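Before any comments, here is the structure.
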Amino acid sequence: NEKMKTCKKPIFPILPSIINVKDEINDFINNKGRINFPEECIFGNALCKIYNTPKPQPENVELPKIDVARIRKVVDNCENGYIGPDEIYEMLDAAGIAQKQIRVVDQKQQALDFANEVGYPLVMKVVGPIHKSDVGGVTLNVRDIETVDREFDRLMAIPETYAVEMYPMLDGTEVYIGAIRDEKFGHQVFFGLGGIFIEVLKDVQNAIAPITACEAKDMLGKLRGYKILEGVRGQQPVNVDIYAEQVARVSALVMAAPEIAEMDLNPLLGNPKNVVAVDARIRIEK
């Protein structure tokens, strides 16, 4: 009991009953603002929940340099809702986030010209529907001009489609970066394994913006699937330094544009040389 009054180290007593020491517990909890636990399992569970809590951030957080003026111009000219691919490209480019070489076309000849310009294989996606895969709006591994011709017609016939997005097919491990705005706490940034991994395994880390690249790299090491990022069974590793830098750039982006209600970069494709955003959606809510 005396130790509870004088000890400067944290004490978390395990007390199934507090009747015999009610006066001491009253002083311990009410006067000192501390807590006791009724049994060891609850105490252990509490420790597990707080074990990975990030360290307090320094007051002066150094975020990557981004073009805030370009970002603000895009946001100020946008209506509420999901923004188009041109606006997404401009915003991500202003934030220094690597993107695929993309062309948005609404005429078949434009699609054929792009295919002849960049070569194969290609990816073709609908522009308009939010959930592209659900409506059959994604065609991978397009390898010849006949397929470009046929798939352009098929994709444009999908309801709500007004254009087709085309880009070279890239290699790499799928990773994810996203953000969502909370009215009380600001933006929360999420990152981890992408593609189906995030839907099935939900193996992500998250923190409230701003996040530095150093913090992001440390948190990436806590992913259950981190060994996938390191490369397994002959698979190329992901450049974790570049990946962490991209997380920090998303953090800086949402700090510059608080009107972003939610955004998803899923997937980004990571390899030893780069981490490139392949698909993105951003919703503005002013």
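What follows is calculated from the coordinates using simple rules that are stated; it is not laboratory data. What you are looking at is a predicted structure, and each value in this text was computed from that prediction instead of being measured. All Cβ positions, glycine included, derive from the backbone under ideal geometry; neighbour counts span all protein chains shown.
Tabulate in residue order the Karplus-calculated ³J(HN,Hα) for the stretch 69-83, using 6.51 cos²θ - 1.76 cosθ + 1.60 with θ = phi - 60°, rounded to whole Hz; enter x for Gly and Pro. Whole-Hz 3J(HN,Hα) from phi for the stretch 69-83: 4, 5, 5, 5, 5, 5, 4, 5, 9, 9, 8, 5, x, 6, 8. Its residue count N fixes a reference of 2.2 N^0.38 Å for the stretch 103-168, and the Cα radius of gyration divided by that reference is 0.97. For a quick check of your reading of the filter: which chymotrypsin sites (Phe, Trp or Tyr not before Pro) in the stretch 168-208 sit in a DSSP loop and have no more than 13 other Cβ atoms within 10 Å? Listed in order of number, the matching sites are Phe185.
With everything on Cα atoms, drop me the angle between helix 108-118 and the longest principal axis of the chain, reported from 0 to 90° to the nearest 10. So the inclination is approximately 70 degrees. Lys-Lys pairs in the stretch 210-286 that are eight or more residues apart or on separate chains and whose Cα atoms lie under 27 Å of each other come to 4. Geometric descriptor of the chain, per residue, is 181 Å³ (volume of the convex hull of the Cα atoms).
A simple spin-label model places pseudo-atoms 7 Å from Cα toward Cβ; at Ile14 and Arg72 they are separated by 5.7 nm. By the rule of a C-alpha distance below 19 Å, with chain neighbours fewer than 8 residues away ignored, the aspartates and glutamates paired with Lys22 are Glu2, Glu39. Placing unit charges on each Cβ (+1 for Lys and Arg, -1 for Asp and Glu) gives the stretch 163-286 a dipole about its Cα centre, and among Asn206, Gly221, Ala179 the Cα reaching farthest toward its positive end belongs to Gly221. A Förster radius of 25 Å, combined with the Cβ-Cβ distance separating Asp134 from Glu262, puts the computed FRET efficiency at roughly 0.90.
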